[in-house]
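Everything below concerns the one structure shown next.
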Amino acid sequence: MAADLRLSDAIDRVKPSATIAVTTKANEMKRQGLDVIGLGAGEPDFDTPENIKEAAIRAIREGKTKYTPSDGIPELKEAIVAKFARENGLTYKTSQVNVSPGGKAVLFNAFMATLNAGDEVVIPAPYWVSYPEMVLLCGGTPVAVTCGAETAYKLTPAALEAAITPKTKWLILNSPSNPTGAAYTGAELKALAAVLLRHPQVWVLTDDMYEHLVYDGFEYKTIAQVEPSLYDRTLTMNGVSKAYAMTGWRIGYAAGPEKLIGAMRKVMDQSTSNPCSISQWASVEALNGPQDFLPGFRAAYAGRRNLMVEGLNQAAGIVCPKPEGAFYVYPSCEGLIGKKTAAGTVIDSDKTFAAELLEAEKVALVFGEAFGLPGTFRISYATSDAILKEALVRIQRFCGSLS
């Protein structure tokens, strides 16, 4: 008889990804022939631009299919350095750049390289589902700070000050945010930076993955750009997944102090080793090549955002603010808590709301508790107008049927 496998304490500390679980369930229902509308996945519906795909094909034909340096080819690091200088006014050397197999890997490598037992990481909530779980996996302690609708889902200087302790090692900032789409202005980042300057032990990991997806003339800034004094303790993270519709290519990148980047490289040396060589060459083209498709992407997303905000605010019991960026809306369903479905099920939480909506109307979305803020839910509008309009009909019908 085989011995029972005892799993690690680290793996027992973490939960599965709720967003992946919702997408998986929606796909399973579709395979069963059900007419499911999946609004859970944070993935562009646009195809990767042709010039990027051609660069990958060219790399294959030229035999660029071998191992590369663990944390990225020099050509991609040079493209990243140029991107940060061109778009963010930040100056880095290639020795300050890390390329990882996806944004998640950047986060994991940074936390694995820096966190010890007892180290705290301040995470504004609502948060991307993976932030606290990665901190736990790497031995740290996540400290969630609730940022509700009254602060437009953004961290305030006072809330940051209250959350920092002598054990705080990192603050995670995500702008525009997954899940809320909220983006910090330069002035808001400057105010947060003023707090951080009083606490020199706190490092900043700024997740800028949705940088190019901002609307209504919003002027994007990143924190080391608005407060250069934080440059030496900021890891500025980005990637090609969202802006360039390259989610499956799995390339994330970051720039920061050489000591940190070297430690992250050591983690990669003994874990993943290098990201896919073909994806790296495609990413060189993404960053260095034409950017003329981005305004079209932005315009489409902005129109979809407006459609969803208007339609959700017409649903009984739903309140949906208008986000500054990303491709998510983050409404409140608190007006529905306590109501009953036609079958008599009480909507006692956002999780029950999402489950009953999926059962009754075959619309899949992610409940807010997964993001650290109950009474809410996330919808990804990275799909066609026709699908979104049908989803709104179903959501409005479901909300109207509750009593």
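Side notes on the structure shown:
- When the Gaussian network model of the chain links Cα atoms closer than 10 Å, the mean-square fluctuations of Asn27, Asn98, Asn238 top out at Asn27.
- Remark: the Phe46-His199 segment gains 50.9 nm on full extension, using 0.36 nm per residue and subtracting the alpha carbon distance.
- Restriction of the trypsin sites (Lys or Arg not before Pro) in the stretch 187-222 to DSSP coil positions whose beta-carbon has at most 16 other beta-carbons within 10 angstrom yields Arg198.
- Loop-located chymotrypsin sites (Phe, Trp or Tyr not before Pro) in the stretch 1-103 (DSSP state not H, G, I, E or B) with no more than 13 neighbouring Cβ atoms inside 10 Å: Tyr67.
- Computed from backbone phi with θ = phi - 60° and the Karplus coefficients 6.51, -1.76 and 1.60, the 3J(HN,Hα) list for the stretch 224-234 is 5, 6, 7, 9, x, 5, 8, 3, 6, 9, 10 Hz; x is used for glycine and proline.
- Top of Pro142, Pro124, Pro69 by mean-square fluctuation, Gaussian network on the chain, Cα under 10 Å: Pro69
- Accessible surface, the chain, averaged per residue in Å² (probe 1.4 Å): 41 Å²
- Whichever aspartates and glutamates have a C-alpha closer than 20 Å to that of Lys93, once near sequence neighbours (fewer than 8 apart) are set aside: Asp71, Glu75, Glu78, Asp207, Asp208, Glu227, Asp232, Glu258, Glu285
- Under 14 Å from a label point set 7 Å out along the Cα-to-Cβ vector of Glu390, the amide N atoms of the stretch 34-53 belong to 34-39.
- Couplings 3J(HN,Hα) of the stretch 394-402, computed from phi: 5, 5, 4, 5, 5, 4, x, 7, 7 Hz, in residue order, whole Hz [Karplus 6.51 cos²θ - 1.76 cosθ + 1.60, θ = phi - 60°; x for Gly and Pro].
- The angle separating the long axis of helix 350-361 from the principal Cα axis of greatest extent in the chain is about 60 degrees.
- Spatially close Lys pairs in the stretch 1-89, defined by Cα atoms under 22 Å apart and a spacing of eight or more places or different chains, total 7.
- Within the accessible area of the chain (1.4 Å probe), percent carbon and sulfur: 55 percent
- Sites Ala316 and Thr94 - FRET efficiency at Förster radius 60 Å, r taken between beta-carbons, to 0.05: 0.60
- Gaussian network model of the chain, springs between alpha carbon atoms under 10 Å - residue of Arg61, Arg304, Arg13 with greatest fluctuation: Arg61
- Degrees, to the nearest 10: 103-114 long Cα axis against longest axis of the chain: 60 degrees
- Surrounding net charge for Pro257, when Lys and Arg each add one and Asp and Glu each subtract one, Cβ distance under 15 Å: +3
- Those lysines that a straight Cα-Cα span of less than 21 Å connects to Lys322, excepting residues fewer than 8 apart in one chain: Lys154, Lys221, Lys242, Lys389
- Rounded to 10°, Cα long-axis angle of helix 74-88 versus longest principal axis of the chain: 60 degrees
- Across the chain, the longest run free of exposed loop sites, meaning GluC sites (Glu not before Pro) lying outside DSSP classes H, G, I, E and B with no more than 11 other Cβ atoms within 10 Å, spans 220-403.
- Of all DSSP bridge pairs formed entirely within the chain, close to 45 percent run antiparallel.
- Backbone geometry of the stretch 362-369 corresponds, through the Karplus equation with coefficients 6.51, -1.76 and 1.60 at θ = phi - 60°, to 3J(HN,Hα) couplings of 6, 10, 9, 9, 10, 6, x, 4 Hz, x marking Gly and Pro.
- All other residues whose Cβ lies under 12 angstrom from that of Asn109 are scored, Lys and Arg at +1 and Asp and Glu at -1, for a net of +1.
- Environment charge of Asp207, counting only residues whose C-beta is closer than 12 Å and scoring Lys/Arg +1, Asp/Glu -1: 0
- Rounded to 0.05, the FRET efficiency of the Ile60 and Glu258 pair, given R0 = 30 Å and the Cβ-Cβ distance, is 0.35.
- Reported label for calculated Cα extents along the principal axes in Å given (i) 79, 47, 33; (ii) 65, 61, 53; (iii) 68, 59, 57: (ii)
The values are calculated or read from the model by the stated rules, or taken from the named source; none is laboratory data. Predicted, not measured: the structure shown is a model, and the values here were computed from it. Methodologically, a virtual Cβ is constructed for each residue, glycine included, from the backbone with ideal geometry; neighbour enumeration extends over all protein chains shown. The area values use the complete protein model at the heavy-atom level, side chains included, leaving out ligands, DNA and RNA. Shrake-Rupley method; radii C 1.70, N 1.55, O 1.52, S 1.80 Å.
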